[in-house]
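For reference, the structure is listed below as structure tokens.
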Amino acid sequence: MLSASFISTLLLAIASFQAVSASPTVQARKEAYPEVVPGLGLPSLESLGLTSAQLYEMPRPEPAGISIESAQFDSRCGPSDGAYTNVNGVIACYNYLRNLGTTRCGVVGRGIPVTEFCRSGDAHATGQSLTENDESSFCSDVAIGLLWVIDHCTRPDQSTAGFSAPNGNGNFFVGGTNIGW
């Protein structure tokens with residue numbers, strides 16, 4: 001028969017081992033999945049019932065066609081090596097924006113700094129107006145513009161950078177680039 005002190009010592013040792021062994025796992029997961037940070041005024045991940053890890057673990061998006069009526073912007077990749085970032089951060093932002101559905105993602109009129117919709121690691125999704133007016137689209141349509149960047153601008157080393165108009169709105173453009181560019 002085992003004594004009560006032996007059992008309590010054994011349970012304490014097991015609990016300590018679990019606490020110590022969980023710590024590196026949490027740290028490794030945090031490094032594998034940088035925090036996804038919504039842009040100013042956009043819903044939090046918590047309010048959507050999402051985590052950064054979930055946004056990174058979602059399946060890679062399927063290529064999509066983009067419907068741009070009277071676009072004032074030609075989609076493009078790059079423009080320089082410094083603009084490129086890991087595609088997984090851009091995909092996490094795509095997944096976040098897609099999950100916002102009909103929430104409006106807006107940008108202010110020309111001449112105003114770029115609007116950041118999402119940031120993850122060293123990647124971010126941004127928008128900028130091509131008109132003198134404030135512009136907006138459903139965030140899910142902004143995500144489709146970002147998907148063009150993922151589909152057309154990802155290099156073999158899994159870095160990406162580029163710009164495209166949101167689905168159905170050629171009055172502003174969305175970019176997926178390195179935050180330092």
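The values are calculated or read from the model by the stated rules, or taken from the named source; none is laboratory data. The model shown is predicted, which means the values in this text are computed figures rather than measured ones. Using ideal geometry, Cβ is built from the backbone for each residue, glycine included, and neighbour counts are taken over all protein chains shown.
Before moving on, here are some points about what is shown:
- When the stretch 103-117 is filtered for residues that are without any contact (Cβ under 8 Å) to a residue 40 or more places away in the chain and either part of a loop (DSSP other than H, G, I, E, B) or on the phi > 0 side of the Ramachandran plot (or both), the ones remaining, listed by number, are 108, 109, 110, 111, 112, 113.
- Residue satisfying all of: in the stretch 70-93; buried (at least 22 other Cβ atoms within 10 Å of the Cβ) and in contact (Cβ under 8 Å) with a residue 60 or more places away in the chain; nearest to residue 139 (Cα to Cα) among these: 93
- Strands (runs of 3 or more DSSP E) lying entirely in the stretch 118-181 (those with 1 or more residues that are within 16 Å of residue 84 (Cβ to Cβ) and in contact (Cβ under 8 Å) with a residue 24 or more places away in the chain): 123-129, 162-164, 172-178
- Residue 105 vs. criteria touching a His at 6+ places or on another chain (Cβ under 8 Å) and not aliphatic (A, V, I, L, M): no
- Single match in 112, 66 (criterion: modelled with pLDDT under 95 and surrounded by fewer than 17 Cβ atoms within 10 Å (Cβ to Cβ)): 112
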